[in-house]
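The values are calculated or read from the model by the stated rules, or taken from the named source; none is laboratory data. These figures come from a predicted structure and were not determined experimentally. Neighbour counts are summed over all protein chains in view; Cβ atoms, including those assigned to glycine, are modelled from backbone coordinates with ideal geometry. Ligands, DNA and RNA are excluded from the accessible area calculation, which covers all protein heavy atoms including side chains. Shrake-Rupley method; radii C 1.70, N 1.55, O 1.52, S 1.80 Å.
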Amino acid sequence: MTGSLFKGNFWTSDILSTIGYDSIVQHLNNGRKNCKEFEDFLKERASIEEKYGKDLLSLARKKPCGQSETNTLKRALEVFKQQVDNVAQSHIYLAQTLREEARKMEEFREKQKSQQKKTELIMDAAHKQKSLQFKKTMDAKKNYEQKCRDKDEAEQAVHRSANMANPKQQEKLFVKLATSKTAVEDSDKLYMLQINTLDRVRNEWQSEHIKACEVFEAQECERINFFRNALWLHMNQLSQQCVTSDEMYEKVRKSLEMCSIEKDIEYFVNQRGTGQTPPAPIMYENFYCPQKNAAPGKATGPNSARRGPLPNPKSLPENKAFSGWHF
């Protein structure tokens, strides 16, 4: 298909018109502009990936995350931090890869620009030569037509002067007629020469136009293919980043599967345990009669007061004895 469509569909009936050629050139320029936009997109995406990677790297290395955990959960957290670090590094690497793809796109775009410029220079020269030759031809045509009109006027003047009695005047008219006929013949030759030259120039321009169409169509096919492949590769790179991240996160999941609640509890008990004997009961101790084996919280004597036992009362007299008491 390359080189078969452009050359058959970008002609005009006006020999001076370049609208078909200009349309192709504008399309190629737009194509390179699109490549530049994708190139800038890759660069911007690379900056985003790099910033994200660096921020994630800083988070993984500087931010505490369960730093006082022990045993299997601690090991799982260490794997987690390491894999986050690895994911961050992978995003930074992806940024470098995207910048490399942007550089390749720039090189391709500049190569196509250079190739197009070479063809444009040839075509510009062909257009200029065609325009100049067309102008010369039209000038020659105008001159030829004017000489023809001059000859016709000279012939009419001769016919009108047939009955004139002045021989010198008639002679002048005949000389003018002869001169005008010579001028017509010369201008006719020049006109034909310019027509032939224009036809040669037109054929040369037409040939160059066909070549340009073939070159430009081949360039456009190459550009579309390159652009498509670049976009396809970009999608693969992003997909691979997801796969790589998931593989790293899977390692964290595997380490979490190895995490044992029982082992971590046992580890903590073994490392930080303070003993297996609880404190003994606090025994009651009587201030006056301390007994070591008394039950806790019970009195050790008949009287729980701090004073000693009361003395036995003496025999009291009958009721009359109370009358002598004084208070």
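Brief remarks on what is shown
- When residues of the stretch 232-241 are limited to those that are open to solvent by less than 80 Å² (accessible area, probe 1.4 Å) and either aliphatic (A, V, I, L, M) or touching an Asp or Glu at 6+ places or on another chain (Cβ under 6 Å) (or both), the one farthest from ALA88 (Cα to Cα): LEU233
- Test for GLU101: is it out of contact with any Lys or Arg (no Cβ under 6 Å at 6 or more places or on another chain), over 27 Å from ASN203 (Cα atoms), of a type in the set (D, E, K, R) and open to solvent by 50 Å² or more (accessible area, probe 1.4 Å): no
- One residue alone among PHE6, PHE80 is crowded, with 18+ Cβ neighbours inside 10 Å, more than 28 Å from MET248 (Cβ to Cβ) and at pLDDT below 95, and that residue is PHE6.
- Some residue of the stretch 242-261 being more than 30 Å from GLN116 (Cα to Cα), among the hydroxyl-bearing types (Ser, Thr, Tyr), open to solvent by 100 Å² or more (accessible area, probe 1.4 Å) and outside any helix (DSSP H, G or I): no
- Residue in the stretch 199-211 that is open to solvent by 50 Å² or more (accessible area, probe 1.4 Å) and over 28 Å from ILE15 (Cβ atoms) present: no
- Within the option set LYS7, LYS54, LYS36, being part of a helix (DSSP H, G or I) and in contact with a Cys (Cβ under 7 Å, 6 or more places away or on another chain) holds for one residue only, LYS7.
- Residue, modelled with the lowest pLDDT, within the stretch 53-67, restricted to residues that are surrounded by 15 or more Cβ atoms within 10 Å (Cβ to Cβ) and either closer than 30 Å to VAL269 by Cα or touching an Asp or Glu at 6+ places or on another chain (Cβ under 9 Å) (or both): ALA60
- Pick from the stretch 68-101, criterion outside any helix (DSSP H, G or I) and touching an Asp or Glu at 6+ places or on another chain (Cβ under 9 Å), ranking: nearest to PHE38 (Cα to Cα): GLU69
- Of all residues in the stretch 24-36, exactly one satisfies the criterion of being more than 14 Å from ILE224 (Cα to Cα) and open to solvent by 50 Å² or more (accessible area, probe 1.4 Å), namely GLN26.
- In the set PHE226, PHE134, only one residue is within 30 Å of LEU42 (Cα to Cα), out of contact with any strand residue (DSSP E or B) (no Cβ under 9 Å at 6 or more places or on another chain) and in contact (Cβ under 8 Å) with a residue 60 or more places away in the chain; that residue is PHE226.
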